[in-house]
Amino acid sequence: MRVLRALTVTAAACAAIGLSVPFASANQNPGGGQGGNGGPSNISVNPYSVHQGSTMQVSASGCGHGGTVSSPGNFPPANLSAGSIGFANVRIFNHASPGHHTLSVRCNDSSLVATHRFTILEGNPSQGGLGGSFGPSAAETAIGAGLVGAAALGAGAHVVRRRRPLRSRA
């Protein structure tokens, strides 16, 4: 029985590896994954739709020695990190025009340029990072005090109800 399980697991593992080989070879760049002849590829932006004044992360494959990300009028040129997948964080200008735009990625070791679309949304981004700088309003304080009082009354009633059966048993 144990031999049958071992053979089944081994066969499943071999099948999984065998089926993944065509996908792995199809995703390789002509330049060997380190830039060079292939230039930038697999460009992605996160998030795709970004508000004016917000930041966006750009990633690209094929720029083993880094590169540059640019979109004139939307954000200043940014350096793409070196590696098999390079990353760059860009901050959209506050005055960038809303709509669909295109960014360009150029590797330091290649003259090829690849582009990708993204969308700029009108309006300011959320004001994150303010933490506890805003206190609760008077209404929120009153509601909170009422909830704490109700919880204290409920706990007291629970304790009183639990004590009654104990006294009657003794």
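What does the accessible area per residue of the range 48-92 come to in Å², with a 1.4 Å probe and no ligands, DNA or RNA counted? Let's see the in-between values first.
Working: 1850 Å² over 45 residues.
Accessible area per residue: 41 Å².
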Under the Karplus curve 6.51 cos²θ - 1.76 cosθ + 1.60, θ = phi - 60°, whole-Hz ³J(HN,Hα) for the range 51-57, x wherever Gly or Pro sits: 7, 4, x, 8, 9, 9, 9
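The values are calculated or read from the model by the stated rules, or taken from the named source; none is laboratory data. Worth saying up front: this structure is predicted, and the values here are computed from it rather than measured. Accessible surface is based on the protein model in full, side chains and every heavy atom, while ligands, DNA and RNA are left aside. Shrake-Rupley method; radii C 1.70, N 1.55, O 1.52, S 1.80 Å.
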